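Presented below is the structure to which this report refers.
The values are calculated or read from the model by the stated rules, or taken from the named source; none is laboratory data. Since we're looking at a predicted model, the values are computed, not measured. Every residue, glycine as well, gets a Cβ built from its backbone with ideal geometry; the counts of neighbours run over all protein chains shown. Surface accessibility is based on the protein's heavy atoms, side chains included, excluding ligands, DNA and RNA. Shrake-Rupley method; radii C 1.70, N 1.55, O 1.52, S 1.80 Å.
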Amino acid sequence: MKLWQKDIQVQEEIERFTVGNDREMDLELAPFDILGSLAHTRMLNQVGLLEQKDLAAVQRELKQLYAEVAQGNFLIEDGVEDVHSQVELLLTKRIGEAGKKIHSGRSRNDQVLLDLKLYMRHQLRQVVEATETLFHTLQNLSEQHKDKLLPGYTHLQVAMPSSFGLWFGAYAESLIDDLLVVQAAYRISNKNPLGSAAGYGSSFPLNRQLTTDLLGFESLNYNVVYAQMGRGKTERVVATALTTIAATIGRMAMDLCLYMSQNFAFVSLPDELTTGSSIMPHKKNPDVFELIRGKCNKLQGLPNEIALQTANLPSGYHRDMQLLKESLFPAFGTLLDCLQMANYMLPKLIVKDNIMQDEKYKYAFSVEVVNNEVLQGVPFRDAYKKVGSAIANGTFEAPTQVHHTHEGSIGNLCTEQIAVQMQQVLQAFDFTKVDAAVNALLAE
């Protein structure tokens, strides 16, 4: 069954090539397609295009289909082109003529646009929640290890004292800015394209605000041409949001791969969380962090991949856009897996004590000594030269403690203030409105 088919049978090879992997991809869209039809048919009833008895039958059966999807009992049959066709086919089989009426006022174009918006909105929420969990893990570790110093580096040369409190806390705060980018992607995804039909609207008296409210969207994509132009643009923006988080945790994973090496030896992992070598019996490899780094690096190419697939397309729908699902859908799973594994591994890190007592790190305290001289009234340039001379002639004495008090420094991590910033960002995601709308659509 094809929603667009008339009397001519398309050749099998054409069908194979044009359908591609859509059946597999569309299974992920199934719950969202059903939610869209629940809202659309209620709107059709409100504007007089679907009788009350037909609406009752359609709503009842759509809710049953939604339950079947949740239970894993929904599939797209061989010969059925996509999820929209499968839902309409099942409705027609189960309730008769009423099932054929649900497509009034819609095109496959705005139907798949809607499904994608709902899907991306849902998936971004999973990313936000997993990122929040990792944020709290990092903050807890920052406080737990705040008194343990480690060398900070510039140019990969020993620079100044840092701390595990600063290191863990830096990645926690980075996630706040990452979620601001996700927030922008979420807001773009959270606009209703339904009613734009094939990109030029409909002569039916549709109530687009009603479906917007029923589905819990923040607003509409008002202009119907722009609604269609959002296909590809939304995916690219969402991909950028995913890669922003990936860049943070990929960089963190790289740090840990360095820190676990014998030349650094700042942290280690229990044996059961590492892998070995087939030839070298001493090896303990940080494969999890290496794979997080690799997967996150791979994600960095996603926005460009999507941009290249859509860069030379004029306005309106083009079948090229079908391929975007194959690029974007797996990326959500990859990022969520990386976030969850990072959250699993980090609390099990064994953080070394007294790292900075090693002789090779003593010059990291040179700025500390210069500043102490300045605090005693010595001009900075004179203090700098004095300490430089001590280093040159081998008489430099490193202090055993550091005294940093300003906001965001070793002695004043501002953990609570950073937590407040994260809470403010999280509150801007209006998940409760979406939950209320979806629950109302599914209510008996």
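The table that follows gives values for the structure above.
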quantity: Among the residues listed as Leu150, Leu194, the single one being open to solvent by less than 40 Å² (accessible area, probe 1.4 Å) and touching a strand residue (DSSP E or B) at 6+ places or on another chain (Cβ under 8 Å); calculated: Leu150
quantity: Residue list for the stretch 342-386, restricted to those being surrounded by fewer than 13 Cβ atoms within 10 Å (Cβ to Cβ), under 21 Å from Trp167 (Cα atoms), more than 37 Å from the chain's Cα centre (by Cα) and of a type in the set (D, E, K, R); calculated: Asp358, Lys360
quantity: Boolean, Leu179 is more than 30 Å from Met43 (Cβ to Cβ), buried (at least 19 other Cβ atoms within 10 Å of the Cβ) and under 19 Å from the mean Cα position of the chain (by Cα); calculated: yes
quantity: Hits in the stretch 139-165 - residues which are touching a Leu at 6+ places or on another chain (Cβ under 7 Å) and among the aliphatic types (A, V, I, L, M); calculated: Leu141
quantity: Among residues of the stretch 60-86, those that are of a type outside the set (Gly, Ala, Ser), in a helix (DSSP H, G or I) and either at pLDDT below 95 or open to solvent by 20 Å² or more (accessible area, probe 1.4 Å) (or both), counted; calculated: 10
quantity: Cβ-Cβ under 7 Å pairs, at least 6 apart or on other chains, the stretch 39-56 side open to solvent by 20 Å² or more (accessible area, probe 1.4 Å), far side of a type in the set (Gly, Ala, Ser); calculated: Leu49/Ser104; Leu49/Gly105
quantity: Residue among Gln139, Gln209 that is under 26 Å from Met120 (Cβ atoms), modelled with pLDDT of 95 or more and in a helix (DSSP H, G or I); calculated: Gln209
quantity: Residue count for the stretch 393-404, restricted to those that are within 18 Å of Met160 (Cα to Cα) and out of contact with any Phe, Trp or Tyr (no Cβ under 8 Å at 6 or more places or on another chain); calculated: 5
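For every residue, the table says whether it meets (1) in contact with a Lys or Arg (Cβ under 8 Å, 6 or more places away or on another chain); (2) surrounded by fewer than 20 Cβ atoms within 10 Å (Cβ to Cβ).
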position	(1), (2)
Phe217	yes, no
Tyr226	no, yes
Lys233	no, yes
Ala241	no, no
Arg251	no, yes
Leu256	no, no
Leu269	yes, yes
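Every residue, every condition in (1) touching a helix residue (DSSP H, G or I) at 6+ places or on another chain (Cβ under 8 Å); (2) not β-branched (Val, Ile, Thr), yes or no:
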residue: Ala392; (1), (2): no, yes
residue: Asn412; (1), (2): no, yes
residue: Ile418; (1), (2): yes, no
residue: Gln423; (1), (2): no, yes
residue: Leu426; (1), (2): yes, yes
residue: Phe429; (1), (2): yes, yes
residue: Thr432; (1), (2): no, no
